[in-house]
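Read the structure below first, then the notes.
Coordinate-derived values only; no laboratory data. In this text the structure is predicted, and so the values were computed from the model without any measurement. Every residue, glycine among them, receives a Cβ derived from its backbone with ideal geometry; neighbour counts consider all protein chains shown.
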Amino acid sequence: MSYRLRSATLSDFEALVHLSVLSFSSGLSGAYAPDLIEQSVPFISQVSKPLIQSGQLYVAEADDDLLVGAGGWSRDYHGLPSVAGVGHIRQFVVHPDWMRHGIGRALFDRCLNAAPDIVQFDCQASLSGMSFYHSLGFEAVCEDEVELPNGIIFPTYLMRYCRPADR
């Protein structure tokens, strides 16, 4: 199972939405109630066109051109002002059939390499995604939640990665 990383383009948009729905629908089971997943996936699987246009959303593409992973970063988060040295991990998803092949780690490494001035990355991790972020060196900061446009409260954890000082 081989893949290559590249920057996402707007022509990937529909495939990214499909990948996100597939990833969240599968990956959230066991950590959230089925009705919460059903009500949340249409919102949490939305893909940010501005993130794509920024060049800071990356995709993993299989040899058959299937998108099997995506993830990116930004300096700002949901319209909040950016803070020097702080970045936000965004829209990390991996195709269920491609889990545990190093795609998520490769995407995170791409983010790190693209942002050498960022010393701290924060992310909103789903309950089922926490172990993945821990494996990358993130620490759980606190329980959090996201209120979705349909009024549903989606439990998350704020997680933080700090670059080693000797990098």
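Applying the Karplus relation 6.51 cos²θ - 1.76 cosθ + 1.60 with θ = phi - 60° to the range 145-151 yields 3J(HN,Hα) values of 7, 10, 8, 7, x, 8, x Hz, where x marks Gly and Pro.
Size descriptors for the chain: radius of gyration and Dmax over Cα atoms are 15.1, 46 Å.
Please name whichever of 152, 60, 32 sits farthest to the positive end of the charge dipole of the chain, dipole taken about the Cα centre and charges placed at Cβ: Lys and Arg +1, Asp and Glu -1. Toward the positive end, the furthest listed residue is 60. Reducing the range 1-68 and the range 72-91 to their Cα centroids gives an inter-centroid distance of 19 Å.
Label positions at residue 31 and residue 117, each projected 7 Å from the Cα along the C-beta direction, are separated by 3.2 nm.
Of 91, 39, 56, the residue with the greatest mean-square motion in the GNM of the chain, using alpha carbon springs below 10 Å, is 39.
Based on DSSP H runs of at least 4 residues, each adding -39500 (n - 2.57), what is the mean residue ellipticity at 222 nm of the chain after dividing by all its residues, to the nearest 500 deg cm²/dmol?
After summing the helix terms and dividing by the residues of the chain, the value is -9000 deg cm²/dmol.
Mean-square fluctuations from a GNM of the chain, with a 10 angstrom spring cutoff on Cα atoms, peak among 87, 69, 55 at 55. Between residue 109 and residue 6, the modelled labels are 2.0 nm apart [label points 7 Å from Cα along Cα→Cβ]. Across the chain, C-alpha contacts under 8 Å between residues 6 or more apart give a mean separation that, scaled by the residue count, equals a relative contact order of 21 percent. Taking the Cα centre of the chain as origin and assigning +1 to Lys and Arg Cβ atoms and -1 to Asp and Glu Cβ atoms, the resulting dipole is close to 500 debye.
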